[in-house]
Amino acid sequence: MASSHILSKSTFLKGLQCDKHLYLYKNNKELLDPLSEMQQAIFSRGTDVGILAQQLFPGGIDAAPPSPTKFDESIKLTEELIKKGEQIIYEASFMFEQVLAAADIVVKEQDGWKIYEVKSSTAVNEVHINDAAVQYWIVSNLGYKVKDISIVHINNQYVRKGELDLNSLFNIESVLKFVLEKQKFVADEVARQKRVLNKKSIPKVDIGMHCTDPYPCGFIGYCWKHIPENSVFDISGMHLKKKFELYEKGIIKLSDITSDVGINKNQQLQIQGVLTNKTIIDKEAIKEFLSTISYPMYFVDFESFQPPVPLYENSKPYQQIPFQYSVHYKKSPDSELHHCEFIAEPDTDPRIPFIENLLKVLGNKGDIIVYNKSFEITRLKEIQRDLPKYAKQIEKLFDRVIDLMLPFQKRYYYLPEMKGSYSIKYVLPALVPELSYDNMAIADGGTASLAYESLLTLDDFIKINEIKKQLLEYCKLDTLAMVRILERLEKVY
Ligand code: SF4
C-alpha cells in the first residue's frame, strides 16, 4: 500500500519556490531534467552527514522506509516505536492532513519531544526554517508535545585534531522561535498548495529569479525552451536580476540590446563579438606580458576536493584538499615538452605526498605558469599553515608564479568564441579548437573533485583505476592547454 500523502516536506518547499514546480513535480516527473553527477553526489553527501549526526544521539531505532515509496510503513513503525516508549528514533515519519514529513532524529524527554533536522550546510538558512516549520506543524498537530526543534549543521570552524569530535563538528541551533512564528503561514500555505495541485492544468508561471532561488529547479529544460542561443542570459558577469529586468522588457536576444540598457565595457565587447564577429588582439600588451615570462617553464595545475567531514589532521569541514597535479615542463622554446603527474592514494592524507612530490618536480628555478593563480597560491598557503614543515620551501615558489589568465582577463586577446569569459574552458576551444574537453569523462574541476571523493568509498579496483585514469587525463589536458595557449600568444607578433 502506498502512502496517501498529497504534500511532503520537500514538495512543500518546491511549492514555496514556484507553483509550476510543485505541479510538474507531482504530475509530470517525466519532464524533469536528468540529475547531474554533481547533484547526485550532493544528495548522497547529505545522507552520509545525516547518518554521522545520528551518533550524537546514540542508541536510537531507525524507522526509515524500506523504499522511498513506502512511507506508510515508516509512519506505522514510528507510531509503534513511540507507543513502546522508545526514547530516540531516526528517520521518524509523521503525516497530518495528508502532509508527510520525516524527521532526521526525534528524542523523547520527560516533558516532550525534541526534533533535530540534519543539514550538511554550514549555517541555518530560510529554507531550513521553513522545513522545520512544516515538521513542527505536522508533529504538533498530531498531538505530540514538541519541546524544541533544532537544525544540526556543520561547524566550519572545527579543525580536526586526532579522532573526529562529533560534538565540535556539528552545531545544534534551536529554531523553535522562528518555527512558532511560521505556524499560521504553514497552515495557509498547505491549503493553498493543495488548491494548486487540484488544478486541471499546469499553472502559468513565467521563468524568473525563482528558477534558481533558493535552489536550481529541475524543470529548467522544460520551462526555458523559448530562450534562444545568444540571449541576455549568456551575458558574462551580469547579475541574474539585471538579466531578468531585460527579459521582462522583452529584451531577450543579444541583438535586442541597445546602448541605453546599462552594460559595462566587457559586456559590450561580448555582445559586439557575437553580433559583428569582432576580435581583439592588443599586440603591445601581449608582448609586454610575454616579456615577464622566461624559460625554463613549468605549466602547473592542481585538483582539490572538499570533504564536508574533515578526514585529515589539521583540516576543516569543506576545506579544499589538493590531491593531484599535472606539470608540463619546457626547458627552452625549442626543447621537447615533458610531462609528469601525481595523484594521491585515497587512503592517506593527500596533501603530504602531493607537496613532497610537487616540490621535487618544481625544483628551485624556472617560471611556474598557472591559470588563475589565486587557486594554486591559496592551496599552497593552506599547506604552509597546516603542514608547517614545508612552509619555507613553499614560500620560495610564490615569486615564480605567473598567471596565464591575465591577458584574457584584461582582454589583450579576445575572440567572440570566448563568449565574454576568460575561463580556460572558453579560452581553450576559442584559441586551440583541436584540443577539447568535449567527450572527456571528467571535464571540469567540480566533477574531478567528486570523482576523487568517490574513490574514498569504492572498493572495486577496476572502477578505482578507471576513475584515476580519467582524473589524470583531465588534469593533463589543463596543463597541455596552457602550453598551447602560450604558443598562440607567442605567435601574435
Ligand atoms: S523552471 Fe522556473 S518557472 Fe519552471 S517550474 Fe521551475 S521554477 Fe517554475
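No value in this document is a laboratory result; all are computed from the given coordinates. Keep in mind that this is a model prediction, so the values were computed, not measured. Reconstructed Cβ throughout: ideal geometry from the backbone, glycine too, with neighbour counts over all protein chains shown.
Full extension of the chain between Asn155 and Glu466 yields a length gain of 108.5 nm, computed as 0.36 nm times the residue separation minus the alpha carbon distance. Apply 1/(1 + (r/R0)^6) to the Cβ-Cβ distance of Trp224 and Asp367, taking R0 = 35 Å, and write down the FRET efficiency to the nearest 0.05. Plugging the Cβ-Cβ distance into 1/(1 + (r/R0)^6) gives 0.20.
One decimal place: the segment Thr457-Glu97 gains 125.5 nm when fully extended, by the rule 0.36 nm per residue minus the C-alpha distance. Report the full-extension gain for the segment Tyr295 to Asp260: residue separation times 0.36 nm, less the Cα-Cα distance, to one decimal in nm. 7.9 nm is the gain from fully extending Tyr295 to Asp260. Our summary of shape: the Cα atoms of the stretch 255-332 have principal axis extents of 55, 40, 17 Å, ordered from largest down, in whole angstrom. Taken as entire DSSP H runs, the helices of the chain that both span 18 Å or more between Cα atoms along their own long axis and average -1.0 or more on the Kyte-Doolittle scale are 37-54, 71-84, 126-141, 183-197, 461-490. Over the chain, DSSP H runs of length four or greater, each weighted -39,500 (n - 2.57), average out per residue to a 222 nm ellipticity of -13000 deg cm²/dmol. May I ask you to derive the FRET efficiency for Gln110 and Glu248 from their Cβ-Cβ distance with R0 = 51 Å, giving the value to the nearest 0.05? My answer for the efficiency is 0.35.
Working ranking of peptides 468-474, 132-138, 91-97 by packing, defined as the average number of other Cβ atoms within 10 Å per residue, highest first, is 132-138, 91-97, 468-474.
Using a simple spin-label model with points 7 Å from Cα along the Cα→Cβ vector, what separation in nm is obtained for Ser423 and Arg411? Those two pseudo-labels are separated by 2.0 nm.
In the distance distribution for the stretch 62-124, Cα-Cα pairs more than 19 Å apart total 32 percent. Under 15 Å from a point 7 Å along the Cα-to-Cβ line of Ile202: which residues of the stretch 1-30 have their amide N that close? Those under the cut-off are 18-30. Summing charges over all other residues whose Cβ lies under 15 Å from the Cβ of Cys217, with Lys and Arg as +1 and Asp and Glu as -1, gives +1. Pairs with C-alpha atoms separated by more than 20 Å, drawn from the list Lys381/Lys425; Lys161/Lys389; Lys225/Lys425, are Lys381/Lys425; Lys225/Lys425. In this calculation the C-beta distance from Gln268 to Asn125 is compared with R0 = 35 Å, giving a FRET efficiency of 0.45. Each Cα pair under 8 Å and six or more residues apart adds its separation to the average, and for the chain the resulting relative contact order is 13 percent.
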